[in-house]
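Visitor: Sending over a structure as structure tokens; questions will come in a sec.
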């Protein structure tokens with residue numbers, strides 16, 4: 001299965017806590033192909049963020065195998081295989097937007113000229129041209145998050161890992177950013193792993209929806225979306241969209257068992 | 001200028017309080033003099049006399065002012081009687097002590113943040129160092145440094161000032177360097193940043209607000225340290241020595257003038273740190 005960008009087989013992760021072991025991931029099997037847009041959805045504690053962090057090499061699974069681009073997540077991390085977008089924009093308040101975006105480039109040792117060229121390109125990609133000289137506090141929350149996406153894109157990793165990037169934003173802004181993200185995905189042909197707890201967001205964005213449930217964190221359903229790649233916002237009123245959303249909801253409910 | 005009214009009110013209230021206290025505290029001497037001379041004092045005589053005694057218990061503000069005028073403006077700055085000259089001696093030691101202490105505080109903080117062993121071994125001693133009263137330690141340092149053949153007073157004064165001023169910087173810098181949260185550190189990990197890069201690009205800039213807050217405290221501590229170092233052991237120069245000579249010779253005006261100059265010096269130094277902070281803040285995009 002070397003064709004998968006991400007390949008997880010029998011993945012387990014147990015955290016040792018003061019209250020005993022917590023089974024954050026149990027027997028996770030998943031293959032993600034190049035160019036896919038995969039959403040992970042589930043209630044808190046279902047392991048969706050943990051799985052993303054495993055892919056990023058920020059957590060180490062206790063059992064099972066996980067490869068990114070055919071190598072271990074740690075090697076992939078050191079090869080700068082992915083850009084990671086956190087829930088908070090996490091821009092440095094003491095750097096301008098342009099200097100924030102060039103932070104990874106500085107660390108990776110790009111030349112000054114190359115840094116400037118790339119910053120300009122990715123800021124255009126997230127529609128923040130002309131904002132490079134502003135400081136983060138001068139931008140709205142949505143713009144800050146776009147700047148943080150630009151930062152993750154700046155070094156041209158083929159894989160984009162996004163951990164509830166729009167979770168803290170209001171719905172109107174979120175709709176706009178979702179549209180922009182789809183456009184950006186079509187332009188750059190990246191593989192995107194996207195953690196969310198919003199059903200419409202997951203269905204609207206994804207080619208593949210991974211439904212997860214907690215205690216222990218596991219995958220309960222994997223839905224390949226039949227929606228076309230071209231998606232106007234009003235696709236959310238179509239029968240197909242509603243059918244997929246319904247299936248996600250069913251999956252979430254089944255996973256919850258008698259918990260709720 | 002809306003704030004001018006309240007500010008002036010407070011100043012006026014303080015001055016009134018000062019004058020009232022001067023009358024109360026100096027009255028006894030006036031009464032004693034009158035008794036010895038076998039005369040009565042009227043209230044107006046009492047008020048006039050308590051404002052103009054040559055060796056009052058508490059000099060009135062205008063007396064301090066005229067002493068300041070005499071020793072700051074009317075005396076040549078090269079003269080030992082000039083408070084400007086004495087203040088410059090204190091200022092020099094304060095700055096060298098402050099610089100030494102700040103650098104030491106930063107170095108210790110960096111070491112502690114980088115290494116668990118250093119944290120366990122240095123932190124307790126740093127805290128213990130501040131529990132020793134400086135008035136007990138200062139004479140020892142002065143005497144010891146002359147025993148081992150160090151000429152002049154600058155080095156022992158610097159040592160004492162640094163001893164007091166490193167601590168606020170140390171404590172704040174440890175906190176500041178540790179202020180970035182887990183997400184910020186994770187982000188740099190995803191870039192494969194080396195520890196040195198994490199330090200330079202994240203920890204150091206994140207610690208700057210803490211650093212400036214600490215510098216203001218340690219500047220004041222440094223000044224206090226120098227003055228304490230000038231007090232004992234027959235120091236012949238600096239504001240501290242003026243305080244000592246004033247109290248030995250029973251010249252309260254001299255003491256008060258030196259005190260005013262010392263506090264003005266402290267305020268000026270802290271103001272300078274604040275200006276530096278503003279300047280750097282503007283470069284680093286702090287919202288105005």
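No value in this document is a laboratory result; all are computed from the given coordinates. None of the values given here were measured: they were computed from a predicted structure. Every residue, glycine as well, gets a Cβ built from its backbone with ideal geometry; the counts of neighbours run over all protein chains shown.
Visitor: Of the residues B:269, B:14, B:223, which exhibits the maximal mean-square fluctuation in a Gaussian network model of chain B defined by a 10 Å Cα contact cut-off?
Guide: In the Gaussian network model the winner is B:14.
Visitor: What ranking, highest mean first, results for peptides A:58-64, B:250-256, B:275-281 when packing means the other Cβ atoms within 10 Å averaged over each residue?
Guide: Highest to lowest by the protection proxy: B:250-256, A:58-64, B:275-281.
Visitor: Pull up the DSSP beta bridges for chain A and report the antiparallel fraction as a percent, rounded to 5.
Guide: Of the beta bridges lying entirely in chain A, close to 55 percent run antiparallel.
Visitor: Using only helices, what value at 222 nm comes out for chain B when you add -39,500 (n - 2.57) per DSSP H run of length 4 or more and divide by the total residues, to the nearest 500 deg cm²/dmol?
Guide: -25500 deg cm²/dmol
Visitor: Normalised by the number of residues in region B:193-288, what is the relative contact order in percent for Cα pairs under 8 Å and 6+ residues apart?
Guide: 23
Visitor: Is it possible to state the helix-based mean residue ellipticity at 222 nm for chain A, with each DSSP H run of 4+ residues giving -39500 (n - 2.57), the sum divided by total residues, to the nearest 500 deg cm²/dmol? What is it?
Guide: -11000 deg cm²/dmol
Visitor: Contact order normalised by length for region A:59-146, with contacts defined as Cα pairs under 8 Å and 6 or more residues apart; what percent is it?
Guide: 30 percent.
Visitor: Using the basic label-point model (7 angstrom from Cα toward the beta carbon), what is the residue A:74 to residue A:238 distance in nanometres?
Guide: Placing both labels 7 Å along Cα→Cβ, they lie 4.5 nm apart.
Visitor: Which values, in whole Å and largest first, are the semi-axes of the equivalent ellipsoid of chain A obtained as the square root of 5 times each eigenvalue of the Cα gyration tensor?
Guide: Semi-axes (√(5λ), whole Å): 30, 23, 17.
Visitor: With r as the distance between the Cβ atoms of residue B:84 and residue B:123 and R0 = 56 Å, compute the FRET efficiency 1/(1 + (r/R0)^6) and round to 0.05.
Guide: For residue B:123 and residue B:84, the calculated efficiency is 0.85.
Visitor: On full extension of the chain, what length is gained from residue B:103 through residue B:54, given 0.36 nm per residue of separation minus the C-alpha to C-alpha distance?
Guide: Going from the current span to full extension adds 13.1 nm.
Visitor: Quick one: compute the contact order of region B:83-283, relative version, from alpha carbon pairs under 8 angstrom and 6+ residues apart, as a percent.
Guide: Relative contact order, region B:83-283: 30 percent.
Visitor: FRET efficiency for residue B:28 and residue B:175, Cβ-Cβ distance as r, R0 = 56 Å, nearest 0.05?
Guide: So, using R0 = 56 Å, E works out to roughly 0.65.
Visitor: Work out, step by step, the length gained on full extension between residue B:42 and residue B:189: first 0.36 nm times the residue separation, then minus their alpha carbon distance; give nm to one decimal.
Guide: 44.7 nm
Visitor: Cα centroids of region B:140-209 and region A:1-56: how far apart, whole angstrom?
Guide: 42
Visitor: Sticking with this structure for a sec: In nm, give the distance between the simple-model label positions of residue B:116 and residue A:113, each being 7 Å from the Cα along the Cα-to-Cβ direction.
Guide: 4.7
Visitor: Can I ask one more? Give the separation of the Cα centroids, region B:30-108 to region A:65-143, in Å.
Guide: Spelled out, the Cα-based centre of one part sits 60 Å from the other.
Visitor: On average, how many beta carbons from a partner chain sit within 10 Å of the beta carbon of a residue in B:199-205?
Guide: Mean shielding by partner chains, rounded to a whole number: 2.
Visitor: Would you calculate the separation in nanometres between label points at residue B:247 and residue B:150, each defined as 7 Å from the Cα along the Cα-to-beta-carbon direction?
Guide: So the two model labels end up 2.4 nm from each other.
Visitor: Additional query: On full extension of the chain, what length is gained from residue A:246 through residue A:230, given 0.36 nm per residue of separation minus the C-alpha to C-alpha distance?
Guide: Going from the current span to full extension adds 3.6 nm.
Visitor: Once you average over the residues of A:82-94, how many Cβ atoms of partner chains fall within 10 Å of each Cβ?
Guide: 4
Visitor: Arranged from highest to lowest average of other beta-carbon atoms within 10 Å per residue, in what order do the peptides A:145-157, A:164-176 appear?
Guide: Ranking, from highest mean packing down: A:145-157, A:164-176.
Visitor: Considering every residue in B:279-285, what mean count of other chain Cβ atoms within 10 Å of its Cβ is obtained?
Guide: Rounded to a whole number, the mean comes out at 3.
Visitor: Take the alpha-carbon positions of the protein assembly as shown, form their convex hull, and give its projected area averaged over all directions (one quarter of the hull surface) in nm².
Guide: That works out to 38.2 nm², a quarter of the Cα hull's surface.
Visitor: In a Gaussian network model over chain B where Cα atoms closer than 10 Å are linked, find which of B:11, B:224, B:261 has the largest mean-square fluctuation.
Guide: Comparing B:11, B:224, B:261 in the GNM, the peak value goes to B:11.
Visitor: Looking only at B:30, B:100, B:158, which one moves most when chain B is put into a Gaussian network model with springs between Cα atoms under 10 Å?
Guide: B:30
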